[in-house]
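The values are calculated or read from the model by the stated rules, or taken from the named source; none is laboratory data. Because the structure is a prediction, the values reported are computed rather than measured. Cβ sites come from the backbone with ideal geometry, for glycine too, and all protein chains shown count toward neighbours.
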Amino acid sequence: MSQQFPPGLPPIGYYGSPPVMPWRPTAVTVLAIIGIIFGVIAVICGPIGTFMLFVKFPGSNAALAAQRNDPTIMMWFVGSTIYQFGIGIVLLAGSIGSLSMKRWARKAMVIYAFVTIVAAVISTTASVAWLTPRLERAQRQAGVPPPPPFLNPRVGTIGGFLLGVIFPVCVAYFFTRPEIKAAFDRAGGAAGDVGPASARYTPDVFPPPPPDGGGGPVI
């Protein structure tokens, strides 16, 4: 006896084992992994750096002592640490959520990108025009010799700005592309973020199974 199927119906196993389709763009995967690394660094290293400012270790560091003796400079560093910690949390959560293609994660990444770019512009401008001269004055008063010309802090600040905005600019570009947004929308689905599109039944992709007795083998 041979098995016979009604014309137009797929073979047995189609409904139970739908094809697995790629659902996360490569750009999202790469940027999310990099974002997790940067987010961990921001969350962990920022508080450690602030802790170093308040703790006095054996030996003397005149430059560090000059910073500690200026309350305004200390407030700047503490505020920067709080900002870095907060934006690091946003980046870390958005990056982890992007690996699962959560729609809220794409929004978090876009917010991170634009906030970081704006904050970098403001911070660099303030550093060059106000913070660096104040640091130099405090160090001169403490008898700290000036750095050599090739270690000019203004050059370092501008160079750090250019390097620091590369990643958020890439995030802003890719995570606002229509095809990337469409991929997140497909993965999230109309009912909310419940997993990848390839792992869910959707009537427009996989038709409903036939009524009982309509799709079984005829022996």
*asked:* Can you confirm whether ILE37 is in a helix (DSSP H, G or I), modelled with pLDDT of 55 or more and closer than 16 Å to SER95 by Cα?
replied: yes
*Output the residues belonging to region 116-128 that are touching a Phe, Trp or Tyr at 6+ places or on another chain (Cβ under 9 Å) and either within 17 Å of ALA42 (Cβ to Cβ) or modelled with pLDDT under 85 (or both).*
THR116, ALA119, ALA120, SER123
*Scan (1) aliphatic (A, V, I, L, M); (2) surrounded by 11 or more Cβ atoms within 10 Å (Cβ to Cβ); (3) in a helix (DSSP H, G or I) for the single condition ILE122 breaks and write down its number.*
(2)
*Is it true that some residue in region 203-218 is outside any loop (DSSP other than H, G, I, E, B), modelled with pLDDT under 50 and farther than 24 Å from ILE96 by Cα?*
yes
*Given the conditions (1) modelled with pLDDT of 75 or more; (2) among the polar types (S, T, N, Q); (3) more than 30 Å from ALA129 (Cβ to Cβ); (4) surrounded by fewer than 18 Cβ atoms within 10 Å (Cβ to Cβ), and given that SER2 satisfies all but one, which numbered condition is not satisfied?*
(1)
_Cβ pairs under 6 Å, 6+ apart, first in region 122-148 and closer than 15 Å to PHE161 by Cα and without any contact (Cβ under 8 Å) to a residue 40 or more places away in the chain, second in a helix (DSSP H, G or I) and of a type in the set (D, E, K, R)_ = VAL128/ARG154; THR132/ARG154
*Here are MET75, MET101, MET52: which of them is aliphatic (A, V, I, L, M), closer than 27 Å to THR132 by Cβ and at pLDDT 85 or above?*
MET75
*asked:* For the list (1) over 30 Å from SER100 (Cβ atoms); (2) modelled with pLDDT under 85; (3) surrounded by 14 or more Cβ atoms within 10 Å (Cβ to Cβ), I need the number of the one condition that LEU131 fails.
replied: (2)
*Sole exception among (1) under 28 Å from ALA182 (Cα atoms); (2) crowded, with 16+ Cβ neighbours inside 10 Å; (3) at pLDDT below 95 for ALA42, by number*: (1)
*Can we say PHE167 is touching a Lys or Arg at 6+ places or on another chain (Cβ under 7 Å) and either modelled with pLDDT of 70 or more or not in a loop (DSSP other than H, G, I, E, B) (or both)?*
no
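Are any residues in region 111-120 more than 13 Å from LEU92 (Cα to Cα) and in contact (Cβ under 8 Å) with a residue 24 or more places away in the chain, and if so, which ones?
Matches in region 111-120: PHE114, VAL115, THR116, ILE117, ALA119, ALA120.
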*In this structure, is ALA113 among the aliphatic types (A, V, I, L, M), touching a Pro at 6+ places or on another chain (Cβ under 7 Å) and surrounded by 15 or more Cβ atoms within 10 Å (Cβ to Cβ)?*
yes
